[in-house]
1. Would you check if there is a residue in segment 128-143 being surrounded by fewer than 14 Cβ atoms within 10 Å (Cβ to Cβ), modelled with pLDDT of 90 or more and either closer than 30 Å to residue 361 by Cα or in contact with a helix residue (DSSP H, G or I) (Cβ under 8 Å, 6 or more places away or on another chain) (or both)?
2. Has segment 290-301 got any residue that is under 28 Å from the mean Cα position of the chain (by Cα) and within 11 Å of the ligand (Cβ to nearest atom)?
3. Of the conditions (1) near the ligand (Cβ under 9 Å from one of its atoms); (2) in contact (Cβ under 8 Å) with a residue 24 or more places away in the chain, residue 285 fails just one. Which one is it?
4. Pick out, from segment 137-242, the helices (runs of 4 or more DSSP H) lying fully within it that include 1 or more residues that are within 12 Å of the ligand (Cβ to nearest atom) and closer than 30 Å to residue 23 by Cα.
5. Does residue 312 satisfy the criteria of being surrounded by fewer than 18 Cβ atoms within 10 Å (Cβ to Cβ), more than 16 Å from the ligand (Cβ to nearest atom), under 30 Å from residue 86 (Cα atoms) and not assigned by TED's automatic domain parsing to the domain that holds residue 410?
6. Has segment 377-400 got any residue that is crowded, with 21+ Cβ neighbours inside 10 Å and over 15 Å from residue 429 (Cβ atoms)?
7. Quick one: is residue 247 out of contact with any strand residue (DSSP E or B) (no Cβ under 7 Å at 6 or more places or on another chain), within 15 Å of the ligand (Cβ to nearest atom) and at pLDDT 95 or above?
8. From the set of residues in segment 320-338 that are touching a helix residue (DSSP H, G or I) at 6+ places or on another chain (Cβ under 9 Å) and within 13 Å of residue 15 (Cα to Cα), which is farthest from the ligand (Cβ to nearest atom)?
Ligand code: ATP
């Protein structure tokens, strides 16, 4: 590891106990997870581009979510709805009229804008102490024009959540997939909100990705299903290595819940900024509100026949709504550690203890030197393993540096080809977390990884 990359011993951050996001932001840029958007033009405020490793991480988070809640269940289907759809959807859902945040502006020196509901004191600007304006409502939906003529009739919106796609396709999915209650529709995709106060890196951006499930149930069974989904979603984060003490359930009180929500629990993560505890995901019992609204506005009956009661039922909906980009950030923050290996030499190892299911690369393969006979073997192992897993071949100058580079991006295994390999057809496999090395026959690598990389 280059000296400039090396944190000093005094500053070593124990796992998940960062003071702020600076080290994560720097690592993301340095190692290709997340870049400031349009950087060559001076950037674009609070806007980021996901780099090569960030895309892999985000895809792995998404895949783990689909695996747990679609592949390993028999009651949830996938959907990928349009981002720009009929404005009638947003009128009926209440977003055109009610998707508003109270905005206050500093009338003093700094002129900053804030969300009134995020401030403790509405008398004074938190930045410069100036007087604040009266709150006014600000609609968070991005508007656009569809077609060549710009008039009121061409106004459309970029979706501020994925969820409405599930509601308007409720009957399409139920009919085509021959579903009875209870069943769910899951969607992963981009959402857009004209946030007044984006910030804290990718925690809150104007363009972000969500993973939402709308789970349709018989009214009367909704409380039980609500509990089920809170447990399932909390369990999902923990199964991917998030540490229990950084995750908690927050029962959203009556006066903070949407009026149609019977109950909402936020899964909060203890972030290294602001108040610490912030929403990672919200699980809401939305009752029959959404389908009811769309029934009324569209004139279509959004009901399913119930064989037991012989009636057409307007289902209730339990919605676990998670942020994919926010979750990717949380997994990185929680996994980050600076290990002090040698205090005298101020040698600190930066490690991302990402769950192997989430790690961008599952393994890195190195030849101990650039000698052609070693390269030939390492390339062969690489060619073989990559048919099955996302792995990387790194012709490094120095094995120590190569290990550190992989530790920092969370690669769980490193495979080293050395001169002895040419004699015994075996390699060294190093574990990222324990740094233990074992000698293993090349012929056994596939079955070994098939075991440890089973999710
Ligand atoms: P907040 O109160 O933080 O604005 P919210 O309650 O409006 O969030 P939801 O509408 O419940 O958020 O969205 C579900 C999830 O989508 C959130 O828990 C979060 O993980 C993610 N999310 C919402 N807004 C953003 C954003 N601007 N940037 C990144 N992720 C977001």
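The values are calculated or read from the model by the stated rules, or taken from the named source; none is laboratory data. Values in this document were obtained by computation on a predicted structure and should not be read as measured data. Glycine gets a Cβ as well: all are built from the backbone with ideal geometry, and neighbour counts include every protein chain shown.
1. No, there is no match, as no residue in segment 128-143 is surrounded by fewer than 14 Cβ atoms within 10 Å (Cβ to Cβ), modelled with pLDDT of 90 or more and either closer than 30 Å to residue 361 by Cα or in contact with a helix residue (DSSP H, G or I) (Cβ under 8 Å, 6 or more places away or on another chain) (or both).
2. Checked segment 290-301: no residue is under 28 Å from the mean Cα position of the chain (by Cα) and within 11 Å of the ligand (Cβ to nearest atom).
3. With (1) near the ligand (Cβ under 9 Å from one of its atoms); (2) in contact (Cβ under 8 Å) with a residue 24 or more places away in the chain applied to residue 285, the lone miss is (1).
4. Helices (runs of 4 or more DSSP H) meeting the threshold: 222-239.
5. Considered against the rule, which asks whether it is surrounded by fewer than 18 Cβ atoms within 10 Å (Cβ to Cβ), more than 16 Å from the ligand (Cβ to nearest atom), under 30 Å from residue 86 (Cα atoms) and not assigned by TED's automatic domain parsing to the domain that holds residue 410, residue 312 comes out as yes.
6. no
7. no
8. Applying the filter and picking the extreme gives 338.
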